[in-house]
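The values are calculated or read from the model by the stated rules, or taken from the named source; none is laboratory data. In this text the structure is predicted, and so the values were computed from the model without any measurement. Neighbour counts run over all protein chains shown; Cβ positions are idealised from the backbone, glycine included.
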Amino acid sequence: MPRYVGFLRGVNVGGKRKVPMSDLRALFQSLGHSDVSTFIQSGNIIFTSRTRADPADLESALLDRFRISIPVVLRTHQELEGVLGRNPFGKVDASKLHVGFMAGKPPAVAVAGIDATPFHPEQLAIRDKEVYFHLPNGMGRSKLPAYLDRRLKTPITIRTWNTVTKLCELSAG
């Protein structure tokens, strides 16, 4: 049975769009998923599904339960291993690395139009459905993720490298 990590975009950030993790776990269990757990309060859920999980179905259930439209991006454990293996920034300080998980692969024309030069020393690399960010001055002041979000017009939810590493470990079973 597939093991998934669900990344919920924009929950429990700055005291807004509150989703209690206990309620989130209960919702996923009520949908028939098993081995459900959450990691930190920012909308990371790990679960096993007997069938292929559908983000649209999960988004609909979240809307019904919490009355909030919450984009959901899913990755399997194997996909997360691939994400970790494709890090384009090598051995930089892991606290400055982030991964943006996109709902789908952005159009090549949109990717070609990205110019990160004005954001130097910040860097990005797009690999398939992920965006890798090297943000030497931290995420808090960075304008690069918002710029990319507007340009790609694809939902992106960002996690720290350490969170992605831990989620990969937790989703191993």
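Have a look at L84, L24 and point out the one that is surrounded by 18 or more Cβ atoms within 10 Å (Cβ to Cβ) and in a helix (DSSP H, G or I). Sole residue among the options that is surrounded by 18 or more Cβ atoms within 10 Å (Cβ to Cβ) and in a helix (DSSP H, G or I): L24. A residue that is among the β-branched types (V, I, T), farther than 15 Å from V164 by Cα and touching a residue at least 12 places away in the same chain (Cβ under 8 Å) occurs somewhere in the stretch 40-49. Taking the conditions (1) out of contact with any strand residue (DSSP E or B) (no Cβ under 7 Å at 6 or more places or on another chain); (2) loosely packed, with under 12 Cβ neighbours inside 10 Å in turn, I68 satisfies each one other than (2). Any chance the stretch 59-69 includes a residue that's under 15 Å from the mean Cα position of the chain (by Cα), at pLDDT 95 or above and not charged (D, E, K, R)? Taking every residue of the stretch 59-69 in turn, none turns out to be under 15 Å from the mean Cα position of the chain (by Cα), at pLDDT 95 or above and not charged (D, E, K, R).
Restricting attention to helices (runs of 4 or more DSSP H) lying wholly within the stretch 92-170, give those where 2 or more residues are of a type in the set (K, R).
It comes to 144-152.
In the stretch 128-147 there is at least one residue that is of a type in the set (F, W, Y), under 21 Å from S42 (Cβ atoms) and in contact (Cβ under 8 Å) with a residue 40 or more places away in the chain.
Of all residue pairs spaced 6 or more apart or on separate chains, those with beta-carbon atoms under 7 Å, a first member in the stretch 55-70 that is part of a loop (DSSP other than H, G, I, E, B) and a second member that is basic (K, R) are I68/R17; I70/R9. Scanning the stretch 71-86 for residues that are without any contact (Cβ under 8 Å) to a residue 12 or more places away in the chain and within 16 Å of the chain's Cα centre (by Cα) turns up Q78, E79, G82. Scanning the stretch 141-159 for residues that are surrounded by 17 or more Cβ atoms within 10 Å (Cβ to Cβ) and either within 15 Å of the chain's Cα centre (by Cα) or outside the structural domain of N87 (by TED's automatic domain parsing) (or both) returns P145, L148, D149, T154, P155, I156, T157, I158, R159.
Looking only at residues in the stretch 28-44 that are surrounded by 18 or more Cβ atoms within 10 Å (Cβ to Cβ) and part of a strand (DSSP E or B), the one that is farthest from the chain's Cα centre (by Cα) is V36. Scanning the stretch 132-173 for residues that are among the basic types (K, R) and at pLDDT below 95 gives R141, K143, R150, R151, K153.
Would you check if A56 is more than 24 Å from T160 (Cα to Cα), in the same structural domain as L8 (by TED's automatic domain parsing) and within 18 Å of the chain's Cα centre (by Cα)? Walk me through how you get there before you give the answer.
Working: more than 24 Å from T160 (Cα to Cα): yes; in the same structural domain as L8 (by TED's automatic domain parsing): yes; within 18 Å of the chain's Cα centre (by Cα): yes.
Yes: the conditions hold for A56.
If the requirement is being surrounded by fewer than 13 Cβ atoms within 10 Å (Cβ to Cβ) and either among the small types (G, A, S) or assigned by TED's automatic domain parsing to the domain that holds L135 (or both), which of these qualifies: A116, A103, A112? Let's see the steps before the verdict.
Details: A116 fails: surrounded by fewer than 13 Cβ atoms within 10 Å (Cβ to Cβ); A103 fails: surrounded by fewer than 13 Cβ atoms within 10 Å (Cβ to Cβ).
On inspection, the qualifying residue turns out to be A112.
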